[in-house]
Amino acid sequence: MYKAISKTLAAVIIAIVVIAIVAGVVVYMYYLTPRAPTKLVFVVIGKSVHPYWSVVEAGVKKAGQELGVEAIFWVPTKEDVPAQLSTMDSYIAQKVAGIAIAPSDPGAATPYINKGLQQGIPVITIDTDAPQSNRLVYLGTGNYKAGWLAGLVAWQLAKEKGYIKPGATIKIAMLTGSLTAMNSLERMAGFRDAIMNCSVKDPDIKGNINIVWLGPYNDQEDPVQAYNLALSALQAHPDLTIAFGVYAYDGPAWAKALKAAGFPPGKVILVEFDVTSDNVPPLVEGYAQVTVGQRQYFMGYYGVKLLYNMTKYGVEQALKQFIPGYPNNRIYDTGVDLVSTKHMEFTAPTGEKIVVLSLDEYKALAQKLGIDPSLLGLS
Ligand code: BGC
């Protein structure tokens with residue numbers, strides 16, 4: 001019996017010794033193995049899958065690389081407010097170091113933006129704003145002004161084409177991907193105001209013109225839906241004068257529908273938004289006359305850099321350094337350029353001098369700004 005007890009005792013002692021050795025080795029290795037410090041994580045939430053957003057993503061990744069942080073970029077397939085917000089919520093729960101969001105619905109996004117901030121996460125908006133929220137800053141295009149410029153160019157080109165004459169009727173259709181996102185609403189408002197202003201201020205017209213507004217047709221950032229809407233608009237209105245593509249894929253959708261419906265290039269004045277691999281071919285083929293090029297690369301690049309600086313130097317200091325006129329001003333305008341196949345200059349009836357860059361000029365500008373032209377479909 002004693003033998004049995006001493007055997008069990010020996011086994012227990014051996015087991016304890018073995019466990020102690022293993023534990024010792026584990027603790028030893030834990031302290032001796034060099035471990036990478038945990039990386040800061042920044043998140044950028046876009047609005048849909050499109051080459052436009054791939055350019056934003058390239059900016060996000062570049063900033064992440066330069067700063068040695070993890071920069072995550074996420075978009076839903078098409079406009080999807082619940083998906084955007086649940087994604088944001090899960091990153092808030094993960095306590096990431098900063099979030100930039102392009103809210104498809106600013107009203108719905110406001111509680112999430114404010115929640116992130118309450119939990120100490122810096123939150124900014126890019127591409128499209130949510131000014132009623134407490135977002136720290138909006139970093140993106142001045143969309144009303146950009147839509148206004150699109151309207152001035154549309155007026156000029158329609159006039160050159162002979163469509164704008166005293167007593168004429170012109171039909172204008174707008175195709176967009178959102179009736180809630182501010183960038184869409186502001187672009188359309190700017191566009192409409194520019195046309196209305198031109199109609200009154202143009203000395204050849206002085207208000208003597210009948211303008212028929214069609215749409216806005218809402219495709220919810222779905223290119224197939226955009227094409228179908230454009231095609232049915234053209235079938236219902238073969239006398240369309242001006243088509244406005246409010247979002248990046250809307251111009252190409254108009255162009256594809258114009259082609260399918262048998263319109264010769266240039267019959268309808270088409271103004272697009274953005275310079276991407278999707279938007280350049282309609283210009284080159286002559287279905288689109290002008291596009292409003294945004295600088296979305298910087299929305300991603302500066303978005304991550306600004307959030308990083310907030311974690312490093314504090315929110316106030318970072319904003320003071322980056323935003324001219326802060327705290328009265330909380331908007332950083334990334335700027336736009338008008339682009340066409342050829343260089344154009346004109347004075348609009350509103351008195352503004354307008355310059356439209358050729359594709360080559362724009363390519364050179366992109367290079368100068370540090371944006372790889374191949375990202376923009378300009379090789
Ligand atoms: C807009 C984005 C939109 C994109 C769609 C751009 O013009 O700024 O908000 O998601 O088009 O492709």
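What residue, of K161, K165, K115, K95, is open to solvent by 10 Å² or more (accessible area, probe 1.4 Å), among the charged types (D, E, K, R), away from the ligand (no atom under 16 Å from the Cβ) and touching a strand residue (DSSP E or B) at 6+ places or on another chain (Cβ under 7 Å)?
Of K161, K165, K115, K95, the one residue that is open to solvent by 10 Å² or more (accessible area, probe 1.4 Å), among the charged types (D, E, K, R), away from the ligand (no atom under 16 Å from the Cβ) and touching a strand residue (DSSP E or B) at 6+ places or on another chain (Cβ under 7 Å) is K161.
Among the residues that make up region 118-141, is at least one of them in a helix (DSSP H, G or I), open to solvent by 10 Å² or more (accessible area, probe 1.4 Å) and among the hydrophobic types (A, V, I, L, M, F, W, C)?
Residues of region 118-141 that are in a helix (DSSP H, G or I), as a first pass: 118.
Those left that are additionally open to solvent by 10 Å² or more (accessible area, probe 1.4 Å): 118.
From what is left, the residues that are among the hydrophobic types (A, V, I, L, M, F, W, C) are none.
Scanning region 118-141, I find no residue that is in a helix (DSSP H, G or I), open to solvent by 10 Å² or more (accessible area, probe 1.4 Å) and among the hydrophobic types (A, V, I, L, M, F, W, C), so the answer is no.
What tally of residues in region 51-84 results from selecting those that are within 13 Å of the chain's Cα centre (by Cα), hydrophobic (A, V, I, L, M, F, W, C) and either open to solvent by 60 Å² or more (accessible area, probe 1.4 Å) or farther than 15 Å from G98 by Cβ (or both)?
Final tally of qualifying residues: 6.
Quick check on region 168-197: of everything there that is small (G, A, S) and either away from the ligand (no atom under 16 Å from the Cβ) or crowded, with 23+ Cβ neighbours inside 10 Å (or both), which residue is farthest from S232 (Cα to Cα)?
Per the criteria, the residue is A194.
Given the condition charged (D, E, K, R), more than 16 Å from the ligand (Cβ to nearest atom) and more than 22 Å from the chain's Cα centre (by Cα), answer yes or no: does some residue in region 314-332 qualify?
Yes, because at least one residue in region 314-332 is charged (D, E, K, R), more than 16 Å from the ligand (Cβ to nearest atom) and more than 22 Å from the chain's Cα centre (by Cα).
Six or more apart or on different chains, Cβ atoms under 6 Å: show the pairs whose first residue is in region 278-290 and within 21 Å of L375 (Cβ to Cβ) and whose second is polar (S, T, N, Q).
N279/T291; L283/T341; V290/S340
Before we move on, is Y302 within 20 Å of D127 (Cα to Cα), in contact with a helix residue (DSSP H, G or I) (Cβ under 6 Å, 6 or more places away or on another chain) and either modelled with pLDDT under 95 or open to solvent by 10 Å² or more (accessible area, probe 1.4 Å) (or both)?
no
I'm told I205 meets every condition in (1) outside any helix (DSSP H, G or I); (2) away from the ligand (no atom under 16 Å from the Cβ); (3) open to solvent by 30 Å² or more (accessible area, probe 1.4 Å) except one. Can you identify the failing condition by its number?
(3)
The values are calculated or read from the model by the stated rules, or taken from the named source; none is laboratory data. Everything numeric in this text was worked out from a predicted model, so none of it was measured. When we count neighbours, we look across all protein chains shown, and the Cβ atoms used for this are built from the backbone with ideal geometry, even at glycine. Surface areas here come from the heavy atoms of the whole protein model, side chains and all, with no ligands, DNA or RNA. Shrake-Rupley method; radii C 1.70, N 1.55, O 1.52, S 1.80 Å.
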